[in-house]
Amino acid sequence: MATLRVAAKPASAPMKVAQISKPGGDFEIVEREIPEPDPGQVRIKVQACGVCHSDVLTKEGYWPGIQYPRIPGHEVAGIVDEVGAGVSAWKKGQRVGVGWHGGQDNTCRECRRGDFRNCQNVKICGISYDGGYQQYMVAPVEALVAIPDSLSDTEAAPLLCAGITTYNSLRHSGALPGDLVAVVGIGGLGHLGIQFANKFGYRVAAIGRGSENASLAKKLGASVYIDSQSTNAAQALQKLGGAQVILATAPSSKVMSELIDGLGPNGKLMVVGATFDPIEVTPIQLITGSRTIQGWAAGTPADSEDTLRFAELSGVRPMIETYPLEKAGEAYARMMSGKAQFRVVLTM
Ligand SMILES: [Zn+2]
Ligand SMILES: [Zn+2]
């Protein structure tokens with residue numbers, strides 16, 4: 001009788017992940033099997049992942065339809081470790097990232113118009129599928145961003161949400177070189193927004209609470225610092241001629257509401273700090289001076305590559321604090337405290 005031979009299955013190795021198992025739950029460090037990429041996906045050995053304020057959506061369950069347990073993280077930098085069937089454009093060993101835009105269906109009306117950012121079935125990394133708070137993750141190829149060699153993993157990661165959001169919103173804001181652009185909030189997004197605005201040739205007014213960030217804001221490229229605790233910031237902007245664009249990165253609807261009167265003629269409030277409270281504005285405030293309010297969400301992986309290339313070219317870099325993956329809860333609390341200088345990044 002022939003010996004029964006069972007094909008030896010390679011013992012699948014476990015990896016560490018930081019997951020949320022229910023809305024409002026704490027971070028749990030657990031072991032999972034290393035995932036295999038499906039067709040059209042790659043597996044990424046994660047090297048670094050930024051901690052973004054929007055991770056609150058996964059942590060607290062604010063995004064409708066999240067399935068738990070879920071691993072947050074949409075500022076992922078790593079190395080392609082395995083490719084799924086049908087993947088030819090990305091190679092093992094290649095440095096890649098994944099940002100907020102985690103994929104699109106390529107078939108809806110917006111995708112057929114090339115507007116992938118507004119895909120009706122857009123996937124968000126760390127919300128629609130497990131993100132970068134883990135040692136290995138899988139991602140669809142349309143979410144991948146090539147990372148240039150000159151940027152380290154911890155430098156590249158924050159540029160994939162905080163960076164692209166400020167870079168991409170500013171470059172589409174309509175402000176021209178020499179225009180007065182105010183950046184509100186000197187935090188994870190704001191400290192990058194000031195640098196990009198400076199490199200774009202704007203006259204940059206940084207708006208923060210208290211005087212302690214004044215010298216840093218100027219070092220980052222602001223020509224004016226406005227302390228909103230001791231000054232009426234809208235009036236201060238009007239004294240400078242009125243802002244062409246106010247980039248509102250601080251997640252405070254109250255602050256945004258108070259700044260609308262700081263806009264100049266045809267000025268635009270560009271909203272990127274995500275909150276659930278209403279912005280208060282009267283029609284008269286908008287009609288007078290033809291002002292507009294616009295929201296902006298990150299961008300596509302191609303926009304992320306533009307962001308990384310521009311950072312490489314111009315020297316824009318995030319300032320970071322790093323934490324090991326095992327301290328994901330501590331890292332998240334640090335980000336939420338608003339005291340981080342300025343972006344918190346997990347390393348694997
Ligand atoms: Zn983000
Ligand atoms: Zn679509």
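The table below gives the values:
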{"read-out": "Solvent-accessible area per residue, Å², over the stretch 127-229 with all protein chains present [probe radius 1.4 Å]", "value": "31 Å²"}
{"read-out": "The chain, relative contact order in percent, only Cα pairs under 8 angstrom and at least six apart counted", "value": "18 percent"}
{"read-out": "Long-range amide H partners of Asp81 with built H, under 5 Å", "value": "Arg43, Ile44, Lys45, Gly93"}
{"read-out": "Percent of Cα-Cα distances greater than 13 Å, calculated over the stretch 255-328", "value": "76 percent"}
{"read-out": "In Hz, Karplus ³J(HN,Hα) per residue of the stretch 255-261 (6.51, -1.76, 1.60; θ = phi - 60°; x = Gly, Pro)", "value": "4, 4, 4, 5, 8, 4, 6"}
{"read-out": "Derived scalar couplings ³J(HN,Hα) [the stretch 263-274; Karplus, 6.51 cos²θ - 1.76 cosθ + 1.60; whole Hz; x for Gly, Pro]", "value": "6, x, x, 6, x, 10, 8, 9, 9, 10, x, 8"}
{"read-out": "Accessible area in the full protein assembly, largest first, 1.4 Å probe, for Lys45, Lys254, Lys199", "value": "Lys254, Lys199, Lys45"}
{"read-out": "Sum of -39500 (n - 2.57) over DSSP H runs of 4+, divided by residues of the chain (222 nm, nearest 500)", "value": "-6000 deg cm²/dmol"}
{"read-out": "Percentage relative contact order, the stretch 1-154, counting C-alpha pairs under 8 Å, at least six apart", "value": "28 percent"}
{"read-out": "DSSP-defined beta bridges in the chain - what % are antiparallel, rounded to 5", "value": "55 percent"}
{"read-out": "Whole-Å distance, taken between Cα centres, linking the stretch 275-336 and the stretch 197-222", "value": "16 Å"}
{"read-out": "Rounded to the nearest 10 Å², the accessible area of Tyr62 at probe 1.4 Å", "value": "120 Å²"}
{"read-out": "Accessible surface of Cys111 - all protein chains present, 1.4 Å probe, nearest 10 Å²", "value": "10 Å²"}
{"read-out": "Degrees separating the helix 301-314 axis from the principal Cα axis of the chain, which is the longest one", "value": "60 degrees"}
{"read-out": "The stretch 287-348: proportion of alpha-carbon pairs further apart than 14 angstrom, %", "value": "72 percent"}
{"read-out": "Per-selection Rg to Rh, the stretch 189-348 - Cα, Kirkwood hydrodynamic radius", "value": "0.98"}
{"read-out": "Backbone HN-Hα couplings from phi across the stretch 153-159 [Karplus 6.51/-1.76/1.60, Hz, Gly and Pro as x]", "value": "4, 6, 7, 6, 3, x, 6"}
{"read-out": "Cα Rg, Dmax, the stretch 89-247, angstrom units", "value": "18.6, 55"}
{"read-out": "Accessible area of Trp63 in the full protein assembly, 1.4 Å probe (Å², nearest 10)", "value": "90 Å²"}
{"read-out": "Label-to-label distance, nm, for residues given as Glu280 and Met336 (7 Å Cα→Cβ offset)", "value": "2.7 nm"}
{"read-out": "Under-5 Å amide H pairs with Ile246, H placed in peptide plane, nonlocal only", "value": "Ala182, Lys268, Leu269, Met270"}
{"read-out": "Overall dimensions of the stretch 130-222 as given by Cα atoms, namely Rg and Dmax in Å", "value": "15.5, 45"}
{"read-out": "Range of Cα positions in the chain per principal axis (Å), largest first", "value": "94, 42, 38"}
{"read-out": "Largest-first ordering by accessible area, 1.4 Å probe, given options Arg32, Arg203, Arg70", "value": "Arg203, Arg32, Arg70"}
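The values are calculated or read from the model by the stated rules, or taken from the named source; none is laboratory data. Computed from a predicted structure; not experimentally measured. Please note: Cβ atoms are built from the backbone with ideal geometry, for glycine as well, and neighbour counts cover all protein chains shown. Areas reflect the complete protein model, heavy atoms only, side chains present, ligands, DNA and RNA absent. Shrake-Rupley method; radii C 1.70, N 1.55, O 1.52, S 1.80 Å.
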